[in-house]
1. Just tell me how shielded A:90-99 is by partners: mean number of partner chain Cβ atoms within 10 Å of each residue's Cβ, no decimals.
2. Could you work out how much longer the chain between A:Gln248 and A:Ala405 gets when fully extended? Use 0.36 nm per residue separation minus the Cα distance between them, nm to one decimal.
3. What's the ranking of A:267-278, A:49-60 by average number of surrounding C-beta atoms within 10 Å, highest first?
4. Taking the Cβ-Cβ separation of A:Asn387 and A:Lys442 as r and a Förster radius of 56 Å, what is the calculated FRET efficiency to the nearest 0.05?
5. Buried by at least 30 Å² relative to the chain on its own: which residues of the stretch A:326-340 qualify, computing accessible area with a 1.4 Å probe on protein heavy atoms?
6. Need one number: % antiparallel among DSSP beta bridges in chain A, to the nearest 5.
7. Within the stretch A:1-22, find all residues whose amide N lies under 12 Å from a label point positioned 7 Å from the Cα of A:Glu74 along Cα-to-beta-carbon.
8. Quick one: accessible area per residue over the protein assembly as shown, 1.4 Å probe, rounded to a whole number of Å²?
Amino acid sequence: MIHQYKSGGMNIVLDVCSGSVHAVDDVTYDMIAAYEDINNEASIKTKDTVFSELNVKYGTSKEELSEIYDEITELKDAGKLFVEDTYEDMAGELKARTSGVVKALCLHVAHTCNLNCSYCFASQGKFHGERALMSAEVGKRAMDFLVENSGTRHNLEVDFFGGEPLMNFDVVKEVVEYARSIEKQHNKNFRFTLTTNGVLIDDDVIEYANKEMSNVVLSLDGRKEVHDRFRVDYAGNGSWEKIVPKFQKLVKARGGKNYYMRGTFTHLNPDFLEDIKVMLDLGFRELSMEPVVCAKGDPMALTEEDLPIVYEQYEKLAELMLQKDKEGDPFTFYHYMIDLKGGPCIYKRISGCGSGTEYMAVTPWGDLFPCHQFVGDAAFKLGDIWNGVTAKDVQDDFASCNVYAREECKTCWARLYCAGGCAANAYHATGSVRGVYESGCKLFKKRLECAIMVEVARELR
Amino acid sequence: MKHIKTVETRNLCESAKKGGCGECQTSCQSACKTSCGIANQKCEKSDKEK
């Protein structure tokens, strides 16, 4: 299976199953599109008819068309074009091999927030329940649970999440200290991440985060008016003025360690490139901008009419990245970070996202859920950190999520880059974790095309 | 080749032979938290081990 598209002034051909990427000229692009038909006995197209068509369209000689045809055949024979999907039987193999191994936890240290953002999927941090803070005892037990269930896995990941985790910063510190105290004896390496709205950032937080957190995710929506539309305190005051200087100070002190400025765009700002530009003007270089996740029909939800605008924004964003590269002032965009040379192996690509199996969320009370987006929905409670996973039927449902679990994914060209997508988005859109969140897929595919285009442009310049 | 420029990529078919150690990040850990993908994830193995 191949996927062909035109982007950034280039003709790009992705061979889905081998992962090969080719940039071709116009006539070759058309020849590749016709190649399988030429070699299909049931098709009325023959080499002669296709050559004639291309000769008329481009004025290319028969000799040169033959040369192009031979180049395509050479790549096909080398396993770089028209490679068949032979991976279906392997789906689930990695999960089966690592069954029971947990390697990452999202620790909900605070089910409360000092901001009152109406678009928050966590309903202002409460996750549709009571306000609560995780105790140090629960946090430490969660670290033990992770170590006990991580098998031979060396790197363990823990996200401090909320609500707003800095509202429970002392517990964050205690949990990190505890985890560091046990990691060596168990041959583990904890990687911590902090996701914060920035309100409580001070010098102590900056110093601590830069020492202990492998990554920090900083919530900023870009333009002041966009950010302050939703990201307000309980008195209704915008938070932009307060947090931006704090984020700038934290990032400056980070010394090259990972961070993301993470924004959300909605129906009210589908022109989100303007927000990205504001982030750049503020000095940030590691950026992420996510489409809002909310119920269909919600006034903030992206509509079909928004999609062409959003697509154009993604294209212009890719152009901006290449332009900034040239100017010697590069920046990263989370969804365009694609490592064509060293990305994930095929097992990872077909195994699904890992929610409910290798990745779980822990509530302030120590309950386990398949991921942060299922917290608060009792039907998805997996168990707790003392007794482990007890709702095996729920876990089995998540374990069975892989690229080949959804009919639509089996024939989708992007399947080996999304691994079947987000189970939570699928559930909220269709009522099943094995459903397909169509609008999410459309955006994903557009982003992927742009990401590959950027890499091809970088490679060929 | 004259008409086709091939970008260097990881050979996914080859990765079926040696891959699957499970050391890589979970998909939306440390990141977006709402729109999962694995395209931007890194393999934890060194080039030699792959």
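The values are calculated or read from the model by the stated rules, or taken from the named source; none is laboratory data. Keep in mind that this is a model prediction, so the values were computed, not measured. Methodologically, a virtual Cβ is constructed for each residue, glycine included, from the backbone with ideal geometry; neighbour enumeration extends over all protein chains shown. Surface areas here come from the heavy atoms of the whole protein model, side chains and all, with no ligands, DNA or RNA. Shrake-Rupley method; radii C 1.70, N 1.55, O 1.52, S 1.80 Å.
1. On the way: counts 3, 0, 0, 2, 4, 2, 0, 3, 3, 0.
Taking all residues of A:90-99 together, the mean is 2.
2. Residue separation times 0.36 nm, minus the Cα-Cα distance, leaves 52.2 nm.
3. Listed from highest to lowest mean packing, they are A:267-278, A:49-60.
4. 0.85
5. Buried on complex formation: A:Tyr334, A:Met337, A:Asp339, A:Leu340.
6. Of those bridges, close to 35 percent are antiparallel.
7. Output list for this probe position: empty.
8. 41 Å²
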